[in-house]
Amino acid sequence: MRRTGDRSLNGTTRPLSRRFAGWIGADRNPLRRRMDRVEGGVRLILVLTFLVAAPLLAPAAGQLTEASGLRQVHQEASWHQVDAVLIRSAPPQYYGYGSMATFWIAARWRTPSGANREGVVPTRTGTQAGTKVSIWVDGAGRATGRRPMTVGMVKVRTVLVEFLTVIGVALALLVLGGLVRLLLNRRRMAYWGIEWACFGPRWSTRRWPRS
């Protein structure tokens, strides 16, 4: 037995094309106002803008990121990994801090050219003076504090930038659509107030004061 209010797939469910037409205000509904159609048109424009802008901006941002990353890879190709000897001991483990904490401790190392240099290098908690730690140095023998950029890291960064570009375009268009809807809703409320002031007294018991 069918319950009241049930919707059958063949009866009350509208086709997807009609739903989309209603979403953009093109379903010829006589109750739609001009502002409703304007809002629907803005929605359609925003969707088309996303479909056009996202495929163009994402690859462009990815290409710029990849080119910049490959230049960085080329510049850091001269980096070398050397052993640095700690001049001082790293602080011991403190309460509330894990053994993986990192400190920058003074150390001495030999550059690829044979010169001796001193500086601070990242060291784990409790490392004693005289311990050798591996560090990366640039062509001049200066400690870099990190590993050189690789092609794999550039690819990961490129994909991330492309993904964030698509998300950014979508968020920007959503914000723009929200602002348009807010402005149109204000106009709707103003028009509804005027119309109610004109037609409301005809079927309500409200008495308006005479001016």
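Contact list please: Cβ distance under 7 Å, first residue in the stretch 57-73 and more than 15 Å from residue 166 (Cβ to Cβ), second residue surrounded by fewer than 18 Cβ atoms within 10 Å (Cβ to Cβ), pairs at least six apart or on different chains. Listed pairs, sorted by first residue: 69/157; 73/150; 73/151. Does residue 5 satisfy being assigned to a loop (DSSP other than H, G, I, E, B), in contact with a Lys or Arg (Cβ under 6 Å, 6 or more places away or on another chain) and at pLDDT below 95? For residue 5, the condition - assigned to a loop (DSSP other than H, G, I, E, B), in contact with a Lys or Arg (Cβ under 6 Å, 6 or more places away or on another chain) and at pLDDT below 95 - is not met. Which residue, of 152, 168, is surrounded by 13 or more Cβ atoms within 10 Å (Cβ to Cβ), part of a helix (DSSP H, G or I) and without any contact (Cβ under 8 Å) to a residue 12 or more places away in the chain? Within the list 152, 168, the selection yields 168. Within the stretch 127-143, the set of residues being surrounded by 14 or more Cβ atoms within 10 Å (Cβ to Cβ) and assigned to a loop (DSSP other than H, G, I, E, B) comprises 127, 131, 138, 139, 141.
The values are calculated or read from the model by the stated rules, or taken from the named source; none is laboratory data. Everything quoted here is computed from the prediction, not taken from an experiment. When we count neighbours, we look across all protein chains shown, and the Cβ atoms used for this are built from the backbone with ideal geometry, even at glycine.
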